[in-house]
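Some notes on the structure that comes next.
The values are calculated or read from the model by the stated rules, or taken from the named source; none is laboratory data. A quick note: this is a predicted structure, and the numbers were derived from the prediction, not measured. Ideal geometry is used to build each Cβ from the backbone, glycine not excepted, and the neighbour counts take in all protein chains shown.
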């Protein structure tokens, strides 16, 4: 079978590999769709934390179930996705119902080889029923689940102003689930095409261009001088994350979904006087995956909206670097097999 290996930053190679043997406790999935996300792009750039090379990328996946691995309720041949955060089941996080931040976590396509291949073995416990959704839709459940998880962490109340910094695929999912939770969403980015996409396709009522607009004054005008009670970073940019501390309302919450390698810088007096809450949001849980699938089936969210680029598996190595260029207008690229 063929697999695409990121051997080092900037180098993707199409290789022939042996099909994995089936083994007890592991299901085997024939991969049909691969979503390209920021993690994949950052790994290619060499800026992804927790990453080692060489690595087969890919964790936004859907396909056909070849072997159930003994997973109860699953049938060979059904269309599935899976939760790509493989957890130990016994650490403090797992025992506390937080397998998404397991102390020994192995994220598919980051810590262990991922789905840019034909057949992939995954722990049987990670399987998720397709519920009649398409390959495309199921490949987008995982990134949307990250957004859904951050909103569940935030405990948004209807009517709250929520500022989402970053209009990439993760940020878009955060906006969608903030809307579903009843928030008044504000989107901030530096890419005019993405801001337009948010206004026209997602009907986000407020957008801010961080390069062109006076962010503080604009936020004051939108929120009647209160500032957003929730600020969520989905950029992974150190500058954006540090700036976000200035946008929180008194008594507000700041949630970091994006990830960068360096230190946070915050004025302690400014943060302290707000009695603000700072938290991170990592990955997602089965409950979040189920919420996303339910929202898709109810028509609350249309993930196909996000797909702007589509490529066949054999063309990935030549097309991949172009998706890093903002001029390409990529929201979500999908690989077909």
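Among the listed residues 72, 84, 99, identify the single one that is surrounded by 18 or more Cβ atoms within 10 Å (Cβ to Cβ) and more than 20 Å from residue 36 (Cα to Cα).
Values: 72 fails: surrounded by 18 or more Cβ atoms within 10 Å (Cβ to Cβ); 84 fails: more than 20 Å from residue 36 (Cα to Cα).
Within the list 72, 84, 99, the selection yields 99.
Residue-level analysis places residue 330 among those that are part of a loop (DSSP other than H, G, I, E, B), assigned by TED's automatic domain parsing to the domain that holds residue 9, surrounded by 14 or more Cβ atoms within 10 Å (Cβ to Cβ) and modelled with pLDDT under 95.
Residues being in contact with a helix residue (DSSP H, G or I) (Cβ under 6 Å, 6 or more places away or on another chain), surrounded by fewer than 19 Cβ atoms within 10 Å (Cβ to Cβ) and not in a strand (DSSP E or B) are entirely absent from the range 136-155.
One residue stands out among those in the range 87-102 that are part of a loop (DSSP other than H, G, I, E, B) and touching a helix residue (DSSP H, G or I) at 6+ places or on another chain (Cβ under 7 Å): the one that is farthest from residue 127 (Cα to Cα), which is 102. Buried (at least 16 other Cβ atoms within 10 Å of the Cβ), touching a residue at least 12 places away in the same chain (Cβ under 8 Å) and part of a loop (DSSP other than H, G, I, E, B): is that true of residue 27 in this structure? Answer is no for this residue. Listed here are the strands (runs of 3 or more DSSP E) enclosed by the range 198-296 that have at least 2 residues being in contact (Cβ under 8 Å) with a residue 40 or more places away in the chain: 230-233, 253-256. The combined condition, being at pLDDT 95 or above, surrounded by 12 or more Cβ atoms within 10 Å (Cβ to Cβ) and not assigned by TED's automatic domain parsing to the domain that holds residue 178, is fulfilled by residue 286. A single member of 66, 90 is surrounded by 13 or more Cβ atoms within 10 Å (Cβ to Cβ) and modelled with pLDDT of 95 or more, and it is 66. Answer yes if at least one residue in the range 219-230 is surrounded by 13 or more Cβ atoms within 10 Å (Cβ to Cβ), under 18 Å from the mean Cα position of the chain (by Cα) and closer than 23 Å to residue 145 by Cα, and no otherwise. No, the range 219-230 contains no residue that is surrounded by 13 or more Cβ atoms within 10 Å (Cβ to Cβ), under 18 Å from the mean Cα position of the chain (by Cα) and closer than 23 Å to residue 145 by Cα.
On inspection, residue 164 passes the criterion of being within 15 Å of the chain's Cα centre (by Cα), under 20 Å from residue 281 (Cβ atoms), modelled with pLDDT of 95 or more and outside any loop (DSSP other than H, G, I, E, B). For the range 9-24, a residue qualifies if it is part of a loop (DSSP other than H, G, I, E, B) and in contact with a helix residue (DSSP H, G or I) (Cβ under 8 Å, 6 or more places away or on another chain), and the qualifying residues are 9, 10. Just a yes or no: is a residue in the range 231-253 loosely packed, with under 13 Cβ neighbours inside 10 Å, under 19 Å from residue 164 (Cβ atoms) and not assigned by TED's automatic domain parsing to the domain that holds residue 154? Looking for residues that are loosely packed, with under 13 Cβ neighbours inside 10 Å, under 19 Å from residue 164 (Cβ atoms) and not assigned by TED's automatic domain parsing to the domain that holds residue 154, one finds none in the range 231-253, hence no. Of all residue pairs spaced 6 or more apart or on separate chains, those with beta-carbon atoms under 6 Å, a first member in the range 108-121 that is free of Cβ contacts under 8 Å to residues at least 40 places away in the same chain and a second member that is in a strand (DSSP E or B) and surrounded by fewer than 24 Cβ atoms within 10 Å (Cβ to Cβ) are 112/106. Pull up the range 172-197, narrow it to residues that are in a strand (DSSP E or B) and more than 21 Å from residue 328 (Cα to Cα), then point me to the one that is farthest from the chain's Cα centre (by Cα). So the residue we want is 184.
Taking the numbered list (1) within 25 Å of residue 332 (Cβ to Cβ); (2) touching a strand residue (DSSP E or B) at 6+ places or on another chain (Cβ under 7 Å) in turn, residue 223 passes all entries but (1).
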